[in-house]
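Asker: One structure, pasted below without further comment.
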Amino acid sequence: MNLFGVMDVSASALKAERVRAEVVAANMANAETTRTADGGPYQRHHVAFEAEGDGSFRQSLVSHMSDGLGSMRRFGGAVTADTSVDGGVAVTGVISDASAPLRRFDPQHPDAGPDGYVSYPDINPLTEMVDLMGAQRSYGANASAIQAEKNMVASSLEILK
């Protein structure tokens with residue numbers, strides 16, 4: 001991986017986590033939406049991620065280990081590897097949850113059926129907050145990785161002066 005490859009990987013993760021946070025925000029905003037343009041209650045959405053790159057992890061590992069230890073080297077008693085995996089994260093899509101809506105008895109509601117029940121989306125605010133916290137932490141970790149690489153590049157340039 002080249003010097004700026006880490007920034008590319010972290011940048012792709014930042015984009016993916018931003019999409020994840022937006023989807024969670026949309027889920028939270030529509031937690032009480034009983035009627036959409038499709039006619040039914042809002043359906044919870046999930047974000048599907050996929051690794052970017054040409055091959056799988058296994059193909060990359062085999063190519064790097066093909067000559068015995070490959071590009072492995074000893075460093076402080078531990079074995080580390082110099083990998084050049086494309087890495088990165090891509091959002092493959094936003095998937096609608098197929099779970100059944102929650103039904104609440106509220107005969108005064110304009111969307112109540114003839115039996116007096118209203119269909120609400122099956123969205124748990126606690127689950128959404130956990131997803132949002134996960135997206136926030138991942139976003140912060142990748143922002144820190146970009147900042148660390150910027151500091152390393154700046155330090156390298158200082159050494160070369």
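Asker: I need the peptides 139-149, 15-25, 95-105 ranked by packing, meaning the mean over residues of other C-beta atoms within 10 angstrom, with the highest value on top.
Answerer: Highest to lowest by the protection proxy: 15-25, 139-149, 95-105.
Asker: By how many nm would the segment from Lys161 to Ala90 grow when fully extended, if each residue of separation counts as 0.36 nm and the alpha-carbon distance is taken off?
Answerer: Extending this stretch completely gives an extra 21.7 nm.
Asker: Also, quick follow-up: Place a point 7 Å from the Cα of Ala154 along the Cα-to-Cβ direction; which residues of the stretch 1-32 have their backbone N under 20 Å from it?
Answerer: Once the point is set 7 Å along Cα→Cβ of Ala154, 3-8, 10-11 turn out to lie under 20 Å by backbone N, inside the stretch 1-32.
Asker: Let me ask another. Treating only the Cα positions of the stretch 84-127 as identical point scatterers, give the base-10 log of I(q)/I(0) from the Debye formula at each q in 0.13, 0.19, 0.23, 0.25 Å⁻¹.
Answerer: Rounded to two decimals, the profile gives -0.50, -0.74, -0.87, -0.92.
Asker: Same structure, new question: Apply the a/c threshold of 1.5 to the C-alpha gyration tensor of the stretch 8-57 and tell me whether it is rounded, prolate or oblate.
Answerer: Verdict is prolate for the stretch 8-57.
Asker: Give me the net charge for the shell around Leu132: Cβ to Cβ below 13 angstrom, other residues only, Lys and Arg +1, Asp and Glu -1. Mind showing how you got there, number by number?
Answerer: Numbers: positive: Arg18, Arg20, Arg137; negative: Glu17, Glu22, Glu128, Asp131.
Local charge sum for Leu132: -1.
Asker: When the dipole is taken about the Cα centre of the stretch 104-161, and only Lys, Arg (+1) and Asp, Glu (-1) are charged at their Cβ, what size is it in debye, to the nearest 20?
Answerer: 520
A short reminder: the numbers here are calculations on the coordinates, not readings from a lab. Everything quoted here is computed from the prediction, not taken from an experiment. Every residue, glycine as well, gets a Cβ built from its backbone with ideal geometry; the counts of neighbours run over all protein chains shown.
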